[in-house]
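For reference, the structure is listed below as structure tokens.
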Amino acid sequence: MANNENTKETGRLDDERRVRVLSPGMLVFKRFSRNRLAVVGTIIIVIMFLFAFIGGAVSPYKEDQVFRTTTMESKAYAGVRENADFLYTDAPDQELPAMAKTQAILAINNGEESFETQGVTYSLIKESDEFYRVVEMNPVANVTTLGTVSSFKPAEGATVTPELEAAFTEANSKGETSFELDGTQYYISGSGRMVTLSTTKDLCMINKLIFSAYSSDTVLDYNFQVAAERAMIHEDSEFTVDGVDYRAEIDKETDSAIFYRVDGGSESEYAMASHFTVNPVGSSTFLSIDFKNRVQEAVNNEESSFEFTDADGNTAEYTIARNNAEYTVSTMQEIQVNDTYASPSAAHWLGTDGNGMDILTRLMYGGRISLTIGFLVVILSALIGVILGGLAGYFGKWVDNLIMRLVDIFNCIPAMPVYLILGSIMDFAKIDPSLRIWLLMVILSVLSWPGIARLTRGQILSLREQEFMIATEATGIRVSKRIFKHLIPNVMPQLIVSCTMSLGSVILMEATLSFLGLGVKFPLASWGNMITAVNDLYVLRTYWFVWIPAGICIVLTVLGFNFIGDGLRDAYDPKMKR
């Protein structure tokens, strides 16, 4: 019975002996799991991966989504200018050439009644000092007057009626140069006994008054403007245009008028004329006549601000700022702006950044890029370093000499100036931000492999002379299999530790380059370019939530990888702890 117990006892191995005999990997894992810092580092890295890759997938926002908010801001609402220049209004279906309009102003300044341009003669009819019409004269008859008797010689195709003769005789005896008969305006040109009776065809109106409609749907046509300005000149309170009656309220002091459309027994505000032009800043804004009147009143009274109540009963305060001969009317308006530097809230747990983007979401997407760059750079640099280091360590002689001199050359290259130069080149070439990430990975990998190559070479130099390598050579195993199946696997523990430790360094380098504007570019996010907000001292002091979370993510990730690296080093070589 005792022998059976002894046999049973000796046949049962405790956990330490079982792992050591059956699975060296399990022994490494057990040592690693006993290291508290290594476990903490692993937990941190797992959380960071879940945060970056799972969190970004479930986030309700996009990486480059900009959030907007409304705010009250004083903005220019209207521009005011007192017009002192002649304005042109073409008659219906007419378009006076630009050269003719210029010649018309010269003729007005010279007091001429006609002018010629490009072989065409135009007549200029003066209604007042600030109102002229450019017309085309159509002769009706040549009239010769002897005493009180007038002789009419009709023009070709024209007819002179007794009513026209009587109207001409009456107007001529009074010294008038024009008269109206049956809705047609006639003009008397020339002097002395022989004159010409003509009708006109309007081509253009030249004046200094600004006409504005009360309704945005109302179009003030040419005939109305001519008749309205004539009414102001002759101080007529009533006039008719195209069968429609109008009433005018004329203010001679300000040389302005308000016109009402008369429809039966009712009146409605129709238009206004003045020397002030009040135009809205926004193309979709319509300024009422009442508002324009109030603006003109404020300008005339040299008021710096005024209040105005619109047709809906809304009262707003406006300010007036003068700039030489022009005025700017401003008011507080509700506008949409980027919701920048919004404090943490239920909608944005970490607030928004200077572009109005959700910081938490950008941290998630930034983690993807930072972690991806770190792992891919380490994998690429390890691949290059293992291949070149393995070849150098195994073959030795001139191969080793050549590869090691190449390593020395890469070690002599100053990394930061190279990054600066290549970053400037990519900025000049306007490389797409997505492509820029891959180029950044290649650049970091190319400059990071020499350390791994040296480590691999040193390990292989010590392993190639051992008995198991002599056995592989004796059995005729090919060279590539000796290196990559027997030598490299024995170097892997040291490589894993080295790569794990360098992951943090790569992430720090990416963060540094992005902070300097040489790495990941906006609108793509990385933890490095999110900290660029600390370039502004005001943001650094006031909006801690913009840059501190990204800094914490970098610190935790680098610490996590360092803890894992230390844990793996101790697990693979427990003697180093002694």
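Would segment 301-312 turn up any residue that is within 44 Å of the chain's Cα centre (by Cα) and buried (at least 16 other Cβ atoms within 10 Å of the Cβ)? There is at least one residue in segment 301-312 that is within 44 Å of the chain's Cα centre (by Cα) and buried (at least 16 other Cβ atoms within 10 Å of the Cβ). Taking segment 99-177 and the strands (runs of 3 or more DSSP E) fully enclosed by it, the elements with 3 or more residues that are closer than 23 Å to A227 by Cβ and open to solvent by less than 30 Å² (accessible area, probe 1.4 Å) are at 120-128, 131-146.
For segment 178-188, filtering for residues that are open to solvent by 80 Å² or more (accessible area, probe 1.4 Å) and assigned to a strand (DSSP E or B) leaves 1. Note on segment 329-348: among residues that are touching a Gly at 6+ places or on another chain (Cβ under 6 Å) and touching a residue at least 40 places away in the same chain (Cβ under 8 Å), the one that is least open to solvent (accessible area, probe 1.4 Å) is A342. Cβ separations smaller than 6 Å between residues 6+ apart or across chains give the following pairs from segment 373-389 residues that are more than 21 Å from I554 (Cβ to Cβ) and open to solvent by less than 60 Å² (accessible area, probe 1.4 Å) to residues that are basic (K, R) and in a helix (DSSP H, G or I): G389/R457. In segment 225-244, the residues that are more than 21 Å from L203 (Cα to Cα) form Cβ pairs under 6 Å with partners that are assigned to a helix (DSSP H, G or I), at six or more places apart or across chains, as follows: F239/A227; F239/A231.
Which of the residues belonging to segment 479-516 are β-branched (V, I, T) and buried (at least 19 other Cβ atoms within 10 Å of the Cβ)? So that I can check it myself, show each step before the final result.
Residues of segment 479-516 β-branched (V, I, T): 479, 483, 488, 491, 496-497, 500, 506-507, 512.
Those that are β-branched (V, I, T) and buried (at least 19 other Cβ atoms within 10 Å of the Cβ): I483, I488, V491, V497, T500, V506, I507.
The values are calculated or read from the model by the stated rules, or taken from the named source; none is laboratory data. None of these values were measured; they are calculated from a predicted model. All Cβ positions, glycine included, derive from the backbone under ideal geometry; neighbour counts span all protein chains shown. To get the accessible areas, we keep the full protein, side chains included, count just its heavy atoms, and leave off ligands, DNA and RNA. Shrake-Rupley method; radii C 1.70, N 1.55, O 1.52, S 1.80 Å.
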